[in-house]
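Each value in this text was obtained by applying a stated rule to the coordinates, not by laboratory testing. Just so it is clear, the structure is predicted and the values come from calculations on it, not from any experiment. Glycine gets a Cβ as well: all are built from the backbone with ideal geometry, and neighbour counts include every protein chain shown.
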């Protein structure tokens, strides 16, 4: 095999930017409904915020700790490439935004600013500001002693006002509220007009800025420009033994609130003296952190851009599908015991899982519930059911991961809420994040404990389940469920040593099992037998796994992959990856499921689970993938994979150039996989319903008394 140093990889940060460029392509795509195109600008912006908080911050730290060395040079070169690509994407963003605004205007939707207000709207907004908005605003006056790093909120838009009185100039910062008031306000329609006017909260404040400052300051002129600061999202967790994990995490979150800025986005028309003031008070010395932009920031709010028109400016709704098997039985346990169930969200209803937990909360036969939680909804029916279960005398254990990035505060609050209700709460293993998606229910049946379990790729979150694609396996297979119990035992008592014959569990056997599965395909290919691998992942950046895939490609294994985000592997390189093809789909739903399919001499070994092929997922987290043994469910997942690999509408080809070209359609029939999957599952559930009805009728016929 070629030595590792000769193999080609793409820096994961640059690959991630290529992914976000695919998101931006959706805003450029005229076939996408107009309001959805505007919302993709919000998704792009939200992604970029997180990129700076996490990826850029990590590179910046690497530069600082490397000293003067070849490593520092390497990281500095990477930072330069990042900056170059970020500026390129920002330019593309700035080009498409006014185009979309003109398109909205053609549909009689106008996003106006404070200079475009009619007298009627101006007076109406002054009243709105006085009665609804003013109480949410408290300007921060900048003095020589002001340390804005301590005062500014991460990721929040601020209006920087300069108040000029003769030769005297004062600065003040006005935080644009992001709670309790909407970012977009629909203005009342004038008389019989069909025109819809929207205005951003920022521009309402600009319009009323005099009313905010005039009672307390004397000034001749006032200038207002926008800015937004992004902080390093990492945090240090102390190792003081006398502190609980909850206490350490709480302190860590407080530290992050004062972390150093990694990006300052500002209105490119901002005067030089105002920018210098901000740099000084934010302790920014490097130009790497500075990103000139347009008039508006916090574009992530555009994800919720309103649709005031009745026109078809948004995607036609794909209604979530019922599981015929769950509906055919009196309770969820009977349905799962009858046969394994596979759901694919958001095509299927997530409510089938919440209903399972709700029933478990009061079913007298249920003795315990165990669940691990990474990200949950703010208003969670699942959490309420866990509390109800405790009230009904059941043993409930929740493994809550406090280090789920950007959900730490929410998870801390849920920890306290559940613990107060009597739920036994654990936070896993200090050195390992718990990222698996497991639920185990123990039920007393015929004097014995019967296990029912869920293993999935997505979070137990009613909110994100509406637009994240994920697989969920429900099974009463006691071999698999027994190993799920072993995983919970490992998390609660990490000194245990367990072996897993069915589940693939990080960090215990994931690397070995996946490498062995690839080796099996290599052995088949070397014997000139059919050998193939199909992977669907969010990210692929682990070098050991990528090297093994290169080895498999060179042996003749046909490898096809669907990677949503970071892909450091480069396909179609002669002598390295000739037999590897990689695609990426960006569409109405966020591709989040992880699927691994190995030909295995025709056996078709299929796994679904929570783990990407990143070093952290394989070696540094609790992750669980499960085999899919049921032949019908296996064929269902394989059919869905096949539809995605055939996508010629929303699929991009990942290549060495990372130019994000669309998968060529040629003269083939147009296939948009997310729509096709919905149609496929709709038909699939109809067939299941028919089969169950036939089986039920046959059973009833068999139970009829025979005539004498």
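Before moving on, here are some points about what is shown:
- Relative packing of peptides 159-170, 128-139 - highest average C-beta neighbours within 10 Å first: 159-170, 128-139
- Linear extension gain, residue 88 paired with residue 367, 0.36 nm per residue minus alpha-carbon span: 94.7 nm
- In a fully extended conformation the segment linking residue 467 and residue 165 would gain 103.5 nm over its present Cα-Cα distance, using 0.36 nm per residue.
- Value of D in µm² per second that Stokes-Einstein yields for the chain, Kirkwood Rh from Cα pairs, at 20 °C (1.002 mPa s): 76
- Simple label model, 7 Å out from Cα along Cβ direction - residue 395 to residue 191, nm: 7.5
- Efficiency of FRET from Cβ geometry, residue 615 and residue 339, R₀ 30 Å, rounded to 0.05: 0.20
- Counting only alpha carbon atoms, the long axis of helix 12-28 and the longest principal axis of the chain meet at about 80°.
- Cβ-Cβ FRET estimate between residue 516 and residue 95, R0 fixed at 60 Å, reported to 0.05: 0.75
- Each stretch of four or more DSSP H residues adds -39500 (n - 2.57); spread over every residue of the chain, this sum gives -12500 deg cm²/dmol at 222 nm.
- FRET efficiency for the pair residue 330 and residue 638, taken as 1/(1 + (r/R0)^6) with r the Cβ-Cβ distance and R0 = 22 Å, rounds to 0.10.
- Shape call, the stretch 587-658: gyration tensor on alpha carbons, a/c limit 1.5: oblate
- Cα gyration tensor, the stretch 457-533 - rounded (a/c under 1.5), prolate or oblate: oblate
- Distance (nanometres) between label positions extended 7 Å along Cα→Cβ at residue 156 and residue 699: 5.8
- Separation of alpha-carbon centers, the stretch 535-551 and the stretch 285-342, rounded to whole Å: 28
- Taking the DSSP beta bridges with both ends in the chain, the antiparallel portion is around 70 percent.
- For the stretch 324-498: rounded, prolate or oblate by the Cα gyration tensor [a/c cutoff 1.5]: rounded
- Counting neighbouring Cβ atoms within 10 Å and putting the fewest first, the residues 16, 124 line up as 124, 16.
- Antiparallel content of DSSP bridges confined to the stretch 324-498, in %, to 5: 70
- The order of 151, 426, 319, 352, going from fewest to most other C-beta atoms within 10 Å of their C-beta, is 319, 151, 426, 352.
- Translational diffusion coefficient (Stokes-Einstein; Kirkwood radius from C-alpha pairs) of the stretch 10-304 at 20 °C, 1.002 mPa s, in µm²/s: 101
- Using alpha-carbon coordinates, inclination of helix 408-421 to the longest axis of the chain, degrees: 60
- Computed from Cα positions, the angle between helix 245-256 and the longest principal axis of the chain comes to roughly 30 degrees.
- Residue 268 paired with residue 65, simple spin-label distance in nm, labels 7 Å along Cα-to-beta-carbon: 3.6
- Length gained on full extension, residue 106 to residue 572: 163.4 nm, using 0.36 nm per residue less the C-alpha separation.
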